[in-house]
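What follows is a single structure, written as C-alpha cells, with notes after it.
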Amino acid sequence: MKVAEVVYAIGQSGYMHRDLVAVKAGAIPDGYIFRGPPVLPGYERIDEPGTTISVMLVLEDGQVAFGDCADVILAGAAGRDRVFKAAEHIATLECEMKPRLLGRTVDSFRQNAEVFDRSSIDGKPLHMALRYGITQAFLHATALAAHRTMTEIVAREYHTSPSTQPIPILASGNRGDWLQLDRVILKRAELLPHASFTRREHVGEKGEKLAEFASTVARRVQAIGEADYRPRIHLDVYGTLGELFGDDTEALADYLATLVEAVRPYEFLIESPIIAATQPEQIDRYRRLRATLRRKGISIGVIVDEWCNTLEDIRLFADAAASDFVQVKTPDLGGINNTIEALLYCRSRGMGTCLGGTANETDQSARICTHIGLACSPDFMLAKPGLGCDEALMIQRSEMARTLALLKARAAA
C-alpha cells in the first residue's frame, strides 16, 4: 500500500504555549496570563494559544491516516526546540515534504519513521513537531493498511508483548481546581493531580504552601474516594524546590520527607524538583538527590523532565541512574519511533517511565501515544490533551478499552 495523496490542515492544540523563562524572570500574573516581555525566541507574548498541523496520508484504497504536529507548553525552555507555530511550517510541508511522502510504501512503520525522523532541509533537521506528526501518520497508515491496531504494529516491529491491562494514567489538572480534583478521585485516576507549581510563590518561601496542598489532596482522597482506592500522589514543581534550597541536597531531601508524610498513606512522586542551568549539572544534582534520599530511607519517586528531551538525553539519564522515572515527553523526541526506543531503553536499564507529553497536544496524538503505551508498557501515562482531565481520561481510557477488547477477541478466535 502506497501514499496516493498528502493533505495538510492547520488546527488547534489542546492548550497553550508559555515562555517559562519569562515567567521565572518576574513576569506579572494577571488571571491566566502573565504580563511582561517574552524572553525565548519565537514568542510574541508570554502566553499564546498553541497551533497544530494535521498530516493526512491518503492511501491507494482511499483510507486516510493522519498524525498531528504539536509541541509542548513550555517550548524553547531547557534545551527544547523553538516554539512551534503552524503558519511558519506549512510551506515547508507543502514544498519540501510532500514530494518525499507521495508514493511512499507504508508496509513498515519503523522504516518510514526512521527515514522521516532523520529528514533535513538545507542540512537542518525538521522541527521536532513536524517529525512528531509525520511519524504518527505513518504508524496510523501502517495499521490501516494491515487491518491491525497501532498497538499490534508497534509490538510486531519492536518485538514487544502488548499489555493485557490498561496502563495507569496520571490525571494532569489545574492547581487549586478542587471540583476537578473531586471528579478525578471519583473516576479513580491512578495518579493525581500534577498541579503545576511553576513559580516559587506557588510553593511558599519555606515550601509550606506545597506541603499544605499535598496534605489537602491526600485528605480529599480519603474523604470521598472509595475504600479500596489507593492513587499515587504526583506533583510537578518545575524546579521551584531547587530555587528554594539551592545546592543543599540534604535540606531538599529533608523537605521532601515532609511531603511524603503529608500524603500518607499514599505513595508520592515528585517531578522536576530541580531545573539546573545545564544538562551535566542536572544529571549530577539528580544523582546526588537520589543517593541522599536512599541513604536517609525516604521513599519517594523522583521524576526528571527538563534537560531530558531527546532519545539521546534519555539514554544519558538512564545510564547515569539519575532518577527513578523519566518523563518521556513525546513531542520533544520528534519521531514517535524515538518515544518507543526510549521506553524500551529505560526498561533495559531499570529506569521507570512516564509516557508523557503535554497538554498542548491533540486527541489524535493522545490516541496514538496510548497505543504506544499498550505496546511498550510504561509505568504510567500522562493524561492529555488539555488540563481538563475529564476529556483526556475519556479519550485514553476508551482507546485502551477498545484496543484491549479487540486484542482479546483476536487471541480467542
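Some points to look at:
- Sparse packing (at most 16 other Cβ atoms within 10 Å of the Cβ) combined with a DSSP loop state is found for the following GluC sites (Glu not before Pro) in the range 180-252: 205, 226.
- Unit charges at the beta carbon, dipole of the chain: most positive-side option, 63, 389, 146: 146
- Qualifying GluC sites (Glu not before Pro) in the range 351-413, where qualification requires a DSSP coil assignment and no more than 15 other C-beta atoms within 10 Å, are lacking entirely.
- Label point distance in nm, residue 408-residue 267, each placed 7 Å from Cα along Cα→Cβ: 2.4
- Shown here: Rg and Dmax of the Cα atoms in Å, derived from the displayed model; of the candidates [x] 23.7, 81; [y] 25.5, 86; [z] 20.9, 63, it corresponds to [z].
- Rounded to whole Hz, the Karplus (6.51, -1.76, 1.60) HN-Hα couplings of the range 297-314, x for glycine and proline: x, 8, 8, 7, x, 9, 10, 9, 10, 4, 6, 10, 9, 9, 4, 5, 4, 4
- For the range 3-158, the dipole from Cβ point charges (+1 on Lys and Arg, -1 on Asp and Glu) about the Cα centre works out to 360 debye, to the nearest 20.
- Three-way shape call for the range 230-277 based on the alpha-carbon gyration tensor, with the a/c threshold at 1.5: oblate
- HN-Hα J in Hz across the range 169-176 - Karplus 6.51, -1.76, 1.60, θ = phi - 60°, x for Gly and Pro: 10, 8, 6, 9, x, 7, 5, x
- Peptides 218-224, 172-178, 304-310, ordered by how many other C-beta atoms sit within 10 Å of their residues on average, highest first, read 304-310, 172-178, 218-224.
- Put simply, the amide H of residue 269, placed in the peptide plane, has neighbours under 5 Å in 233, 234, 235, 301, leaving out anything fewer than 5 places away on its chain.
- Overall, the anisotropy analysis places the range 113-256 in the oblate class: the square-rooted eigenvalues a ≥ b ≥ c of its C-alpha gyration tensor yield a/c not less than 1.5, with a/b not exceeding b/c.
- Dipole moment magnitude, nearest 20 debye, the chain about Cα centre, only Lys, Arg, Asp, Glu C-beta charged: 820
- Converting phi to 3J(HN,Hα) with the Karplus coefficients 6.51, -1.76 and 1.60 and the offset θ = phi - 60°, the range 388-400 yields x, 6, 4, 5, 5, 4, 4, 4, 6, 5, 5, 5, 5 Hz in sequence order, with x at every glycine or proline.
- Partner aspartates and glutamates for residue 124 [C-alpha distance under 19 Å; skip if fewer than 8 residues away on the same chain]: 71, 81, 88, 94, 96, 114, 312, 332
- Å³ per residue enclosed by the Cα convex hull of the range 1-127: 114
- Per-residue [θ]222 nm for the chain (sum of -39500 (n - 2.57) over DSSP H runs n ≥ 4, rounded to 500): -13000 deg cm²/dmol
- Distant-in-sequence amide H partners of residue 17 (H built 1.01 Å from N, under 5 Å): 48, 50
- For residue 209, a cut-off of 22 angstrom between C-alpha atoms picks up these lysines, skipping any fewer than 8 places away in its own chain: 24.
- Estimated translational diffusion coefficient (Stokes-Einstein, Kirkwood radius over Cα pairs, 10 °C, 1.306 mPa s) of the range 169-412: 87 µm² per second.
- Candidate lysines - alpha carbon under 25 Å from residue 187, same-chain residues fewer than 8 apart omitted: 329, 384, 408
- Once the Cα atoms are used to define both axes, helix 128-146 deviates from the longest principal axis of the chain by about 60 degrees.
FYI, it's all coordinate maths here, none of it is from the lab. Please read these numbers as outputs of a predicted model, since none were measured by experiment. Backbone-built Cβ (ideal geometry, glycine too); neighbour counts: all protein chains shown.
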